[in-house]
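Q: Here it is, the structure, as structure tokens.
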Amino acid sequence: MSAPSQQRPAVPDDAAVVARLSTLDKYLPVWIVAAMAGGLALGAFVPAVGAWLHAVEIGNVSVPIAAGLLLMMYPVLAKVRYNETGRVARDKRLIIASLALNWLVGPALMFALAWLFLPDLPEYRTGLIIVGLARCIAMVLIWNDLACGDREAAAVLVALNSVFQVLAFSALGWFYLQLLPTWLGLETTSAQFSFWAISISVLVFLGIPLVAGFLTRVLGERAKGRDWYEGRFLPKLGPWALYGLLFTIVLLFALQGEQIIARPVDVVRIALPLLIYFVVTFVLGMAVGRVIGLGYARTTTLAFTAAGNNFELAIAVAIGTFGAASGQALAGVVGPLIEVPVLIGLVYVALGLRRFFPAGGTRAATAGR
């Protein structure tokens, strides 16, 4: 591992943080609200849209919704620098801390919060537990970059979590939805829950874009070089992840609109444990990184990769296992509506905490921006 820079990174003020966001990113909460409203209007004024979405299905997954989900995943995974895993992997403190926070603490915390806040709403509770199992591989890279985190470490942790999800998501889903509730004398999921449905959903909705992103990175750099790939290609490809997210939200809200209008209190009840989850995991990540001496840049990366969740995958799993009109899918849809404003706020929190980290342990995270 290369020696860390002795110079404290130049951290932008609040205005600079906001200015760095593109129009699409800066007003993403507005676009999400507009997508929600558009979906609700579509479901209300064009009732046939629900029947149409159900008519073009493969298994339990609507093909248009599946296309939107894959469109969200691919651009983010094309950003990962897969050839730098070895260098960052030598920082065993970072890797061990990230694995512990992502695969032990995060799912266990979401399981506890889901049962604490939604003991009487099993569909939403299950949806939240699935969200807790879907670790960061998406917009966490944006929050990390804005907070002057370590870009390379973030890329490696995202790649590590991507691979780990393919290998372990199904087993953890079975553990938290069936085995652990049985041990604790709690209600398990319905009989329709399938271990193999989770496996297939993960392999399709994560495996396909992961392979596509890897091949795009390798072939693009081989043909044009990294400067062209990251400086010209990725900026054009990146917004399509958000377009896919908005497209999927429109379709999901067209299917979920009746439930959302009829059950606003339920939506609030889903949002509250998510809010607590984001804040607690972020604070734990910052505290752990400070204690083990990672320095500001990598501590920030650790905190955001622990706090962020892959709602694209959670929605895909919920749809593939329980159906697009299920309460589990609604819980996944509520996720990004809470994540976006909360993690933008946590960017400012991270920048404010930088003074508590010694300059000698901080990487110059702003180089090359």
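What follows is calculated from the coordinates using simple rules that are stated; it is not laboratory data. If you're wondering where the values come from, they're calculated on a predicted model, not measured in any experiment. Because the Cβ atoms are built from the backbone with ideal geometry, glycine has one as well, and the counts that use them run over all protein chains shown.
Q: Mind jotting down the distance between the C-alpha centroids of segment 289-339 and segment 136-174, whole Å?
A: 9
Q: Provide the gained length on full extension for the span A51 to A100, in nm with one decimal, where the gain is 0.36 nm per separating residue minus the Cα-Cα distance.
A: Value of the extension gain: 13.3 nm.
Q: Further, regarding this structure: Starting from 0 in steps of 20 Å, tell me what percent of the Cα-Cα pairs of segment 28-356 lands in each bin.
A: Calculated over all Cα pairs of segment 28-356, the distribution is 33, 59, 7 percent.
Q: Can you tell me the order of 221-229, 117-125, 153-161 when each peptide is scored by its average per-residue count of other Cβ atoms within 10 angstrom, highest first?
A: Values: 221-229: 12.7, 117-125: 18.6, 153-161: 24.8.
Averaged packing, sorted descending, gives the order 153-161, 117-125, 221-229.
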